[in-house]
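Peer 1: My questions will all concern the structure given below.
What follows draws every value from the coordinates through simple rules; no lab data is involved. Just so it is clear, the structure is predicted and the values come from calculations on it, not from any experiment. Don't worry about glycine lacking a Cβ; one is built from the backbone with ideal geometry, like all the others, and counts go over all protein chains shown.
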Number of protein chains: 2
Amino acid sequence: MSNKKPYILISNDDGYQAKGLAAIISVAKNFGKLIVVSSERGESGMSHAITMKTPLRVRKIKDEENLSFYVINGTPADCVKIGMNQLVERKPDLVLTGVNHGSNASISVVYSGTLGAAREGCLQQIPSIGFSLLNHDKDADFSTVTHFMSKIIEQTLANGLEDQTFLNVNVPDISINEVKGVKICRQTKGVWKEEYIKRTDPNGGDYYWLTGAFDNFEPKVEDTDEWALANNYIAIVPIQIDGTSYAEMDNIKNWNL
Amino acid sequence: MSNKKPYILISNDDGYQAKGLAAIISVAKNFGKLIVVSSERGESGMSHAITMKTPLRVRKIKDEENLSFYVINGTPADCVKIGMNQLVERKPDLVLTGVNHGSNASISVVYSGTLGAAREGCLQQIPSIGFSLLNHDKDADFSTVTHFMSKIIEQTLANGLEDQTFLNVNVPDISINEVKGVKICRQTKGVWKEEYIKRTDPNGGDYYWLTGAFDNFEPKVEDTDEWALANNYIAIVPIQIDGTSYAEMDNIKNWNL
């Protein structure tokens with residue numbers, strides 16, 4: 001890192017007015033100069049989607065000495081992309097996303113817009129962290145996550161992250177003194193068992209609402225993020241961009257192709 | 001596998017009328033009974049996004065003995081989810097997605113709706129393969145990809161895939177006899193360097209179109225999918241669900257958290 005004050009790009013997936021976004025800004029402002037790029041609307045479940053067929057509009061809503069704040073009509077990954085390409089004054093030292101209202105542990109990392117934005121920061125070769133609180137409520141209490149966030153940001157700035165790797169941080173919905181510590185974990189194996197609720201509209205047409213419950217394939221395994229969270233730890237999972245299964249490469253090389 | 005004829009779920013991200021979808025159906029029908037669930041519109045760049053805030057509508061457009069065909073107003077991952085939860089007659093033996101009009105090699109696996117659908121099939125614990133052709137044209141020639149697809153489907157049904165792993169198959173835009181073979185590869189390191197083109201509307205408002213060029217970080221490395229494709233091979237990359245960086249877990253355990 002240079003001697004300059006860190007420059008930090010922030011985004012989220014719950015819309016620019018989300019309390020979780022305000023929480024992340026409140027901590028990050030102690031570390032450096034901020035640029036916030038957020039979506040007009042909530043973009044939960046948008047994963048790493050990008051907007052290709054409609055143009056983006058950018059609206060600047062704050063222009064303070066240490067905080068520029070932009071709102072766009074795009075996805076969380078779009079926020080990071082257009083922020084990096086059009087809005088930053090220099091390459092950021094850190095990308096922070098969240099705080100998400102709700103868990104992004106286990107395979108939710110695949111569906112999450114908050115983690116999509118963090119992954120995009122990582123692809124752009126900036127140390128990136130996504131934060132999530134295990135409470136969906138729009139008025140959730142973010143004091144535990146902000147308390148521990150400072151140390152995690154400080155250590156990330158001090159140590160850096162491996163290229164092509166970002167952090168998925170999930171925080172249980174408990175008070176600060178109930179937290180047993182911070183655990184470095186692996187991503188839990190599991191699946192969202194989707195259930196669709198079928199309804200019929202006044203004109204006789206059927207429609208389906210997505211609902212669903214998480215099925216943890218390894219609920220008792222102590223090195224997983226879901227176990228840590230269920231046992232009052234903050235869970236940090238380092239996630240890599242490379243999706244290759246090297247073991248399966250070896251298997252398939254024996255196929256008759 | 002049981003003695004029953006394989007039951008195959010098919011989806012894509014270029015809309016239900018795409019030529020690439022017709023290409024995959026034309027090959028898959030030789031292997032078993034098909035259920036196709038596709039999107040009304042093109043959904044390129046939708047990644048693993050799911051629809052949470054609006055309900056899904058399902059329209060059945062074909063109901064033949066060996067082919068049911070449904071169209072929905074959702075993303076490719078939605079297609080697989082609602083297909084599995086509401087539309088299949090039994091658990092499919094295979095999920096096939098594509099054929100995508102355009103490459104999904106390297107880190108495009110992150111942005112691709114076609115690969116989002118394949119990943120969802122894998123999460124639902126079904127062997128899943130996404131196919132892509134390196135030609136964006138809506139009238140592209142799919143004869144090379146269909147030629148090699150048969151063998152890949154046959155071998156996947158015969159050998160199965162490791163749990164939590166799916167295949168990303170990319171095919172160069174060349175004739176059958178120009179293909180040098182099939183290569184089992186790893187995901188190339190690279191990034192889409194986004195460039196936004198800024199325009200001004202008749203009312204003076206600015207808007208931005210996403211464009212961009214792929215930057216290959218390792219263009220000369222022979223075990224990568226981009227190298228294989230550039231050298232006239234079909235590239236198969238096995239992709240795993242687990243994103244954990246175990247090496248970085250060890251590093252972070254030494255942080256002062």
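Peer 1: If B:Lys5 passes every condition in (1) farther than 23 Å from B:Ser108 by Cα; (2) crowded, with 17+ Cβ neighbours inside 10 Å but one, which one does it miss?
Peer 2: (2)
Peer 1: Starting from region A:224-240, take each residue that is away from every other protein chain (no Cβ under 12 Å) and list its partners that are among the acidic types (Asp, Glu), counting only C-beta distances under 7 angstrom and pairs at least six apart or across chains.
Peer 2: A:Asn232/A:Glu178
Peer 1: Do we find that B:Phe142 is within 24 Å of B:Asp78 (Cα to Cα), surrounded by 15 or more Cβ atoms within 10 Å (Cβ to Cβ) and touching a residue at least 24 places away in the same chain (Cβ under 8 Å) in this structure?
Peer 2: No; evaluated as a whole, the condition is false for this residue.
Peer 1: If you don't mind, there's one more thing I want to ask. Within region A:1-58, which residues are outside any loop (DSSP other than H, G, I, E, B) and closer than 24 Å to B:Asp201 by Cβ?
Peer 2: The answer is A:Val37, A:Ser38, A:Ser39, A:Leu56, A:Val58.
Peer 1: Considering each residue of region B:14-57, count those that are among the acidic types (Asp, Glu) and crowded, with 20+ Cβ neighbours inside 10 Å, and give that number.
Peer 2: Qualifying residue count for the region: 2.
Peer 1: List the pairs whose first member sits in region B:60-88 and is among the hydroxyl-bearing types (Ser, Thr, Tyr), whose second member is surrounded by 19 or more Cβ atoms within 10 Å (Cβ to Cβ) and in a helix (DSSP H, G or I), and whose Cβ atoms are under 8 Å apart, counting only residues at least 6 apart or on separate chains?
Peer 2: Close Cβ pairs (under 8 Å, with a partner that is surrounded by 19 or more Cβ atoms within 10 Å (Cβ to Cβ) and in a helix (DSSP H, G or I)) amount to B:Tyr70/B:Gly83; B:Thr75/B:Gly113; B:Thr75/B:Gly116.
Peer 1: In region B:85-106, which residues are surrounded by fewer than 24 Cβ atoms within 10 Å (Cβ to Cβ), closer than 23 Å to A:Ile241 by Cα and within 14 Å of another protein chain (Cβ to nearest Cβ)?
Peer 2: B:Gly102
Peer 1: Evaluate the following for A:Ser47: is it within 12 Å of chain B (Cβ to nearest Cβ), within 14 Å of the chain's Cα centre (by Cα) and of a type in the set (S, T, N, Q)?
Peer 2: yes
Peer 1: Which residues, counting only those in region B:152-167, are touching a helix residue (DSSP H, G or I) at 6+ places or on another chain (Cβ under 6 Å) and at the interface with chain A (Cβ under 8 Å from one of its Cβ atoms)?
Peer 2: Scanning region B:152-167 gives B:Glu162, B:Thr165.
Peer 1: Restricting region A:62-78 to residues that are within 21 Å of the chain's Cα centre (by Cα) and away from chain B (no Cβ under 14 Å), which is surrounded by the fewest Cβ atoms within 10 Å (Cβ to Cβ)?
Peer 2: Among them, the one singled out is A:Leu67.
Peer 1: Here is a follow-up. Return yes or no: is A:Asn216 surrounded by 13 or more Cβ atoms within 10 Å (Cβ to Cβ), within 12 Å of chain B (Cβ to nearest Cβ) and not charged (D, E, K, R)?
Peer 2: When the stated conditions are applied, A:Asn216 does not pass them.
Peer 1: Follow-up. Could you give me the residue pairs with C-beta distances under 9 Å whose first residue belongs to region A:151-178 and is basic (Lys, Arg), whose second residue is loosely packed, with under 15 Cβ neighbours inside 10 Å wherever it lies, and which are 6+ apart or on separate chains?
Peer 2: Every condition considered, the pairs that remain are A:Lys151/B:Asn256.
Peer 1: Those residues that are β-branched (Val, Ile, Thr) and either buried (at least 23 other Cβ atoms within 10 Å of the Cβ) or under 25 Å from B:Val109 (Cα atoms) (or both), I need them from region A:219-240; list them, please.
Peer 2: Listed by number, the residues that qualify are A:Thr224, A:Ile234, A:Ile236, A:Val237, A:Ile239.
One line per residue, one yes/no per condition, for (1) in a helix (DSSP H, G or I); (2) among the hydrophobic types (A, V, I, L, M, F, W, C); (3) surrounded by fewer than 15 Cβ atoms within 10 Å (Cβ to Cβ):
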{"position": "B:Lys60", "(1), (2), (3)": "no, no, yes"}
{"position": "B:Val80", "(1), (2), (3)": "yes, yes, no"}
{"position": "B:Gly83", "(1), (2), (3)": "yes, no, no"}
{"position": "B:Ile126", "(1), (2), (3)": "no, yes, no"}
{"position": "B:Gly130", "(1), (2), (3)": "no, no, no"}
{"position": "B:Phe148", "(1), (2), (3)": "yes, yes, no"}
{"position": "B:Glu162", "(1), (2), (3)": "no, no, no"}
{"position": "B:Leu167", "(1), (2), (3)": "no, yes, no"}
